[in-house]
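Notes for the one structure printed next.
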Amino acid sequence: MKELLAYLASLPHPIDPRCEEGHYYLLNNYNPGYFGNGQNAYTNHNPANTPFTIPPSSTPSIGDLMNAHQISWKYYGDQWNNYVPDPYQENYGTPGPTADEYCSICNPFQYDTSIMSNPTQIAQHIQDTVNLYDDIASGSLPAVSIVKPSGYTDGHPASSKLQLFEGFVQKIVEQVQASPYKDDTAIFITFDEGGGFYDSGYVQPVDFFGDGTRIPLIVVSPFTRPGHISHEYGDHVSIIKFIERNWRLGTITNRSRDNFPNPVVSHYNPYVPLNSPALGDLFDLFDFPWNGQ
């Protein structure tokens, strides 16, 4: 702990570790603070409740920011409809319709008090991928759609295969491209982790927790630059920054990673931001007619 703090302070541009005294920071997967029906999973005594469940969170999320600016959005969690009928997951991990298909720990909004304590918010914003397919077909997609495959199709080697993830993505891309949405949609395709493989690339120490190994990001859109490979440093927060900039939302809070500036790099080394810590907003991937202004 002390050694890491000393290292961050010794850098040419010292980095704020963003660790508050008396606070605890989660380093592993924990169950969200709410069941799918909106009941508190932290205090509810239920077979599915374990010590690995965190309290409900009042920290603002990108969902709260979009709500405040009346930007329509949905989180489409594959197999949500199989999870909701048994939100306590009493059959958790066993075969059947409530098996571990829907990923509760993957849904960031299931930790969020402002969303999960309001049945209207749950109904409006958290749905199954069957709703995604219907919304594309009916022309009723929200401005921002976040899609998460089930544990069986997400490409994780413990429960899935990469070909299944590719098939899941292909279905969505082809459906969008066969719809009127093809003319004004950007689809971001990425993973949640590097899988533990060694990575010789530059990893930026953005705070106490730093960043991890590089992961794929593919963008499908009529506005992207064909064959363009971005050298701008980014991480998952870059997708949040893209949403914020595209809809002029500002940042979620002044202490979150989305308030980092965009990277400024040297011509001789485009991978390492000179103004570290800095995270891109992915706008360099696009040629928008309005120049993103």
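Bear in mind these aren't lab numbers, they're just calculated from the coordinates by the rules spelled out. Because the structure is predicted, anything quoted here is derived from the model rather than measured. Heads up, the Cβs are rebuilt from the backbone with ideal geometry, glycines too, and the neighbour counts pull from every protein chain shown.
Based on Cα contacts under 8 Å between residues 6+ apart, the chain shows a relative contact order of 16 percent. Within the chain, what is the number of lysine pairs with alpha carbons under 27 Å apart, leaving out pairs fewer than eight places apart on the same chain? Pairs that pass both the separation and distance tests number 13.
Using the average count of surrounding beta-carbon atoms within 10 Å as a protection proxy, the listed peptides 57-63, 138-144 rank, highest first, as 57-63, 138-144. Using the Cα gyration tensor of the chain, with a ≥ b ≥ c the square roots of its eigenvalues, what is the shape: rounded (a/c below 1.5), prolate (a/b larger than b/c) or oblate (neither)? Note, shape of the chain comes out oblate. For 73, 80, the sequence from fewest to most other C-beta atoms within 10 Å is 73, 80. Left without a cysteine partner by the 4.7 Å Cβ rule in the chain: 19. Since only 230, 55, 13 are under comparison, the one whose Cα sits farthest along the positive direction of the charge dipole of the chain, derived from C-beta charges on Lys, Arg, Asp and Glu, is 13.
State whether the stretch 31-185 is rounded, prolate or oblate according to the following rule on the C-alpha gyration tensor (a ≥ b ≥ c being the square roots of its eigenvalues): a/c under 1.5 gives rounded; otherwise a/b larger than b/c gives prolate, and the remaining case gives oblate. Because a/c hits 1.5 or more and a/b fails to exceed b/c, the stretch 31-185 counts as oblate.
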